[in-house]
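Visitor: Shown below is the structure under consideration.
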Amino acid sequence: MPMKADDCQACSTMALKDRIHCVVYVIDANTVAILNPGMKNKIDEIRKRTDLADVPLMVLLTHVDEACPHVEKDLKNVYRSCYIKSLIERTSRCLGIPMLHVLPVKNYSSEIELNDTCDILLLSAMKQMLNFADNYFDDCEENTE
């Protein structure tokens, strides 16, 4: 259900199971530098609302293999790439999200076989999402005691 302007999840009477536990933006690494102002304003509004409700926020930077030739050659270079690091920093600054919440991933687009390195990046991102959601539950439980 869409979030209404007067919704305040933190002080809501909604059941915990009906609340948002983690928000994840999925942004193409090739377009992050050219986010239009309208989209940036929408993202800022969501970030402000999630901050008020203490909901964790993440960004998945997709297509990192297409953004950097070194990573395209060998996906294991994703965290060694200066260019990917700068993309993460720019995304963090642009969206007001901590760098540790911006995770690079590679999309399966034309592959016909699984790639362990790609899977590790995707599973690490999923694990981080679950950890953030779990922390949100822990915080909610502490606030109700």
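Visitor: Compute the distance from the alpha-carbon center of the stretch 47-98 to that of the stretch 103-142, in whole Å.
Guide: Using only Cα atoms, the two centres lie 13 Å from each other.
Visitor: Let me ask something else. Out of the total accessible area of the chain (probe 1.4 Å, heavy atoms of protein only), what percent is carbon and sulfur?
Guide: Reported share for carbon and sulfur atoms: 56 percent.
Visitor: Any idea how far apart LYS73 and THR31 come out in nm if each label point goes 7 Å out from Cα toward Cβ?
Guide: Distance between label points: 2.9 nm.
Visitor: Do you know the relative contact order of the stretch 36-108, to the nearest whole percent, from alpha carbon pairs under 8 angstrom that are 6+ apart?
Guide: Details: 70 pairs, mean separation 26.1, N = 73.
Result for the stretch 36-108 is 36 percent.
Visitor: If packing is taken as the average count of other Cβ atoms within 10 Å, what order do 112-121, 50-59 fall into, highest mean first?
Guide: Working: 112-121: 11.9, 50-59: 17.7.
Most protected by this proxy first, the peptides run 50-59, 112-121.
Visitor: Let me ask something else. Is there a quick way to get the dipole size of the chain? I mean about its Cα centre, with the Cβ of Lys and Arg at +1 and of Asp and Glu at -1; what is the value in debye to the nearest 20?
Guide: Details: 16 positive and 23 negative charges, 122 e Å.
Taking the Cα centre of the chain as origin, the dipole is about 580 debye.
Visitor: When all protein chains stay in place, what accessible area (Å², nearest 10, 1.4 Å probe) is found for TYR83?
Guide: Here the accessible area works out near 100 Å².
Visitor: What Rg and what Dmax come out for the chain when only alpha-carbon atoms are used, in angstroms?
Guide: Cα-based Rg and Dmax for the chain come out at 16.9, 52 Å.
Visitor: Check cross-link reach from LYS73 to the lysines: straight Cα distance under 16 Å, and skip same-chain residues fewer than eight apart.
Guide: Partners within reach: LYS106.
Visitor: Follow-up. Between ALA15 and ASP116, what's the calculated FRET efficiency when r is the beta-carbon distance and R0 is 30 Å? Round to 0.05.
Guide: Numbers: r = 39 Å, r/R0 = 1.31.
Result of the calculation: an efficiency of 0.15.
Visitor: Could you give me the ³J(HN,Hα) list for the stretch 118-126, computed from phi with Karplus coefficients 6.51, -1.76, 1.60 and θ = phi - 60°, whole Hz, x at Gly and Pro?
Guide: 4, 4, 4, 4, 5, 5, 5, 5, 5
The values are calculated or read from the model by the stated rules, or taken from the named source; none is laboratory data. In this text the structure is predicted, and so the values were computed from the model without any measurement. Cβ: placed from backbone, ideal geometry, glycine included. Neighbour counts: every protein chain shown. To get the accessible areas, we keep the full protein, side chains included, count just its heavy atoms, and leave off ligands, DNA and RNA. Shrake-Rupley method; radii C 1.70, N 1.55, O 1.52, S 1.80 Å.
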